[in-house]
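Worksheet: one structure, shown below.
The values are calculated or read from the model by the stated rules, or taken from the named source; none is laboratory data. All of these numbers come straight from a predicted model, not from anything done at the bench. No Cβ is skipped: glycine too gets one built from the backbone with ideal geometry, and neighbour counts run over all protein chains shown. Surface accessibility is based on the protein's heavy atoms, side chains included, excluding ligands, DNA and RNA. Shrake-Rupley method; radii C 1.70, N 1.55, O 1.52, S 1.80 Å.
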Amino acid sequence: MILTVTLNAAVDRTLTVPNFGVGFRHRATETITLPGGKGINVARVVKTLGQPVIATGFAGGRTGDRIIADLNREGILSDFVRIEGVSRTSTAVLDPTTNETTEINEYGPEISPGELELMLDKIDYLMKAADLVVIAGSLPRGLPTSFYDELIPRVRATGVPVLFDTWGEPLRFGIKAGPHVVFPNQVEAEMVVGYEFSSNGDFVRAAANLRELGAQSAVIKSKMGCVAQIKYNGDVRTLMGKAPKVEAVSTVGSGDAIVGGYATRLLEGDSPEECLRFGLACAAANALRPGAGVLDPRDAAQLTSGVQMEEVTTE
């Protein structure tokens, strides 16, 4: 079973607005509302792909009620800690004429020390049945930016692999805790290593840097695919993956689909290369539909053969 931890869960609204422009009145032609936050998006992918998953995190107020109710409607098992504050709402505006997406994300609720203790107890309890844990997304207010540096070792102590995906200072701290795989995108990785990428060599060096900082393996997501440095059976392999081209409707959630696809195949015992290949196929499948983590497993299976994977040297 895969456990996903989303400490700053949200209600995600995706509005399709043709010819979107700042300062004008618009009418959305389509609206999709789903429970969200990176870990929940991963849970949706895993559930869609047919693997057992349970989602946990904080949920508060009417927004929190809706997150839990909608997860139940999707058939995604969840066990959240109820809090005094109100869970956030995130909005993405998709312009189909340009394929550009504008995102507006609220900060989220304030978490009290007592609520945090309940969350840690909840994770300890759910860990008893978990084979793999995905910790993903931003931190709500009230938690220190170093919190993932405390949570990841707590999970790792049970011997269960941790997949980790966040950004900013929480990413920097969490990497030090030695997650099994870390999944930043290009901008997030650039912030951690301290330089911009202008070549494939920069991606490769950055993946190695992320491992030097503490991650066992690193997957840097990009618009074209990913660059990964994977530790497997005592060896370290550097892989460059290119996702198949599709007529993208929305790329929101495609990064989370990579993590979900990777986690699913890892649970099934596949090699890291095949996990990565399938994750990129899931990202492409996600882009075919609006909604984060929304994909058809048949699309993912079909697109897998179109993923280009190359092993490169680091010399």
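Kindly state, to the nearest 0.05, the FRET efficiency for Thr33 paired with Asp270, given R0 = 30 Å and r defined as their beta-carbon distance. Before the final figure, lay out each step's value.
Numbers: r = 33 Å, r/R0 = 1.12.
Calculated transfer efficiency: 0.35.
Using the Cα gyration tensor of the chain, with a ≥ b ≥ c the square roots of its eigenvalues, what is the shape: rounded (a/c below 1.5), prolate (a/b larger than b/c) or oblate (neither)? Walk me through the numbers before you get to the answer.
Numbers: a/c = 1.44, a/b = 1.08, b/c = 1.34.
In terms of gyration-tensor shape, rounded.
When only DSSP loop residues count, what GluC sites (Glu not before Pro) in segment 115-209 have their Cβ near at most 11 other Cβ atoms within 10 Å? Write down the numbers at each step before the final one.
Values: sites: Glu115, Glu117, Glu150, Glu188, Glu190, Glu196; in loops: Glu196.
The qualifying sites are Glu196.
Counting other Cβ atoms within 10 Å of each Cβ, which GluC sites (Glu not before Pro) in segment 1-99 have at most 16 and sit in a DSSP loop? If you can, show how the numbers build up before the last one.
Working: sites: Glu30, Glu74, Glu84; in loops: Glu84.
Sparse-neighbourhood loop GluC sites (Glu not before Pro): Glu84.
Can you send over the carbon and sulfur percentage of the accessible area for segment 1-61, probe radius 1.4 Å, protein chains only? If you can, show how the numbers build up before the last one.
Values: 1140 of 2260 Å².
For segment 1-61, the apolar C and S fraction of the accessible surface comes to 50 percent.
Using label points projected 7 Å from each Cα along Cα→Cβ, tell me how many nm separate Glu196 and Glu169, to one decimal.
Simple spin-label model gives 2.5 nm for this pair.
How much length is gained on full extension from Arg66 to Met127, taking 0.36 nm per residue of separation minus their Cα-Cα distance? Please list the in-between numbers first.
On the way: separation 61, 0.36 × 61 = 21.96 nm, distance 2.51 nm.
This chain segment gains 19.5 nm when fully extended.
Quick check for you: with a 1.4 Å probe and neighbouring chains kept, what is the accessible area per residue of the chain, in Å²?
Values: 13980 Å² over 315 residues.
Accessible surface, normalised per residue, equals 44 Å².
Give me D for segment 67-151 in µm² s⁻¹, whole number, from Stokes-Einstein with Rh from the Kirkwood sum over alpha-carbon pairs, 25 °C and 0.890 mPa s. All intermediate terms of the calculation are to be shown ahead of the outcome.
On the way: Rh = 15.5 Å.
Reported coefficient: 158 µm²/s.
How much FRET efficiency would the formula 1/(1 + (r/R0)^6) give for Tyr232 and Arg289, where r is the Cβ-Cβ distance and R0 is 25 Å, rounded to 0.05? Intermediate results must be reported in sequence, preceding the final value.
On the way: r = 32 Å, r/R0 = 1.28.
That gives a FRET efficiency of 0.20.
Per residue, how big is the convex hull of segment 205-279 when only Cα atoms are used? Give it in Å³. If you can, show how the numbers build up before the last one.
Values: hull volume 7.1 nm³, N = 75.
Here the figure is 94 Å³ per residue.
Report, in whole Å, the centroid distance computed from the Cα atoms of segment 1-41 and segment 211-285.
Computed from Cα coordinates, the inter-centre distance equals 23 Å.
First compute the accessible area of segment 137-207 with a 1.4 Å probe, then give the percent of it belonging to carbon and sulfur atoms. Intermediate values should be presented prior to the final figure.
Working: 1460 of 2890 Å².
Taking all protein chains in place, segment 137-207 shows 51 percent carbon and sulfur surface.
Taking segment 1-57, which trypsin sites (Lys or Arg not before Pro) meet the DSSP loop condition and have no more than 10 other C-beta atoms within 10 Å?
Details: sites: Arg13, Arg25, Arg27, Lys38, Arg44, Lys47; in loops: Arg25, Arg27.
When the trypsin sites (Lys or Arg not before Pro) of segment 1-57 are filtered for loop state and at most 10 Cβ neighbours within 10 Å, Arg25, Arg27 remain.
Got the relative contact order for segment 167-290 handy, in percent, Cα pairs under 8 Å and 6 or more residues apart? Before the final figure, lay out the partial values.
Details: 208 pairs, mean separation 24.8, N = 124.
For segment 167-290, the relative contact order is 20 percent.
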